[in-house]
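Coordinate-derived values only; no laboratory data. Values in this document were obtained by computation on a predicted structure and should not be read as measured data.
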Amino acid sequence: MLNFFVLFSFCLISINGHGYLFEPVARSSAWLVDPSFKKCCTYSGHMEMFCGGVGHQWNANGGKCGICGEPYDRAVKLFEKGGTMYTGKIVQTYIQGEQIDVKVKLSANHQGYFEFRLCNVDSNPNSDATQECLDRRLLKIAGTDSTKYRDITKHGSEMITVRVQLPSDVVCQHCVFQWKYTTGNNWGRDPTTNKSGPGLGRENETFMGCSDITILATSPTTTLPTLVISPTTTITTTTKLISRSTKYWSISLPKHWSALLTFISSLPTTTTTTTTTTTTTMTTKTTASLSAWSPLLVAYQRGDDVMYNGMKYRCVTSHRSYAGAEPSPLTWALWRKIE
């Protein structure tokens, strides 16, 4: 009778407990922080992405679960590609190899541990991530060799922040990030030690959350040097020449010095027969400054200012632009709004 009461108590806790991935925000919870998701994707059950419940997950599906926490045997999953609440919108942008703060909100603490996974879907944009792909990129907790975050109990039901290490060899316009919470409150038996207790068995309640992110390549932010050209032939350099060459000064230095010099030498110049030599000094200039933001792979540098949707933003991380990385509060790693 006592064993039945203990088991029944743990089942009640399992039913009442909820949680979700807050940052990078899960597909099922994005409507909480991004107004563009409210009309299409408001989902009252966003804290119940627990694979259909522990009984259904293990008895009907052998422990399998949808990548975002929906029942594995649901024919068309709401938040996977093809579902009515799937958008594929990028909700967060990171830099390759950096340590990121992942935030999880729990309304009831079930002990257990968190895991985090990553899948690059750039090579197959018509398909969603699979659990097999996600399992190949099990991320480490920053500063450790462990892939499991176990210090859950000390947080209670408050927001939990976990620092996670992104891999140094992954760059993607579209990666799927997955949070998995294996709880430790279901009664079970450890097959190795044969001990029984909460969380010791294989069949534990599981919560999932998946979000869509971008990981940018690491980009140096060095200041380009002043370029001084001393022609060996006698030339007279006019203001017209400087004006025509300005739009080519965004060529990276010093790697492309030879290309830049070849181009300048090919421009029309006025040649005289005097024996004087004119030294022309040109300084590099970023052409993207004080212009409208463009998604066409513009090489924005740290410190560049752009206008977007009537607001002014400053680049804080050098990068190439593309659709989905426009200045906004969600791309805080790239842009900061300025007054």
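At-a-glance table
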| read-out | value |
| --- | --- |
| Karplus (6.51, -1.76, 1.60) ³J(HN,Hα), θ = phi - 60°, over the stretch 294-311, in Hz, Gly and Pro reported as x | 10, x, 8, 6, 6, 8, 7, 10, 4, x, 5, 10, 9, 10, 8, 6, x, 10 |
| For the stretch 291-338: rounded, prolate or oblate by the Cα gyration tensor [a/c cutoff 1.5] | rounded |
| Volume per residue of the C-alpha convex hull in the stretch 2-216, rounded to whole Å³ | 126 Å³ |
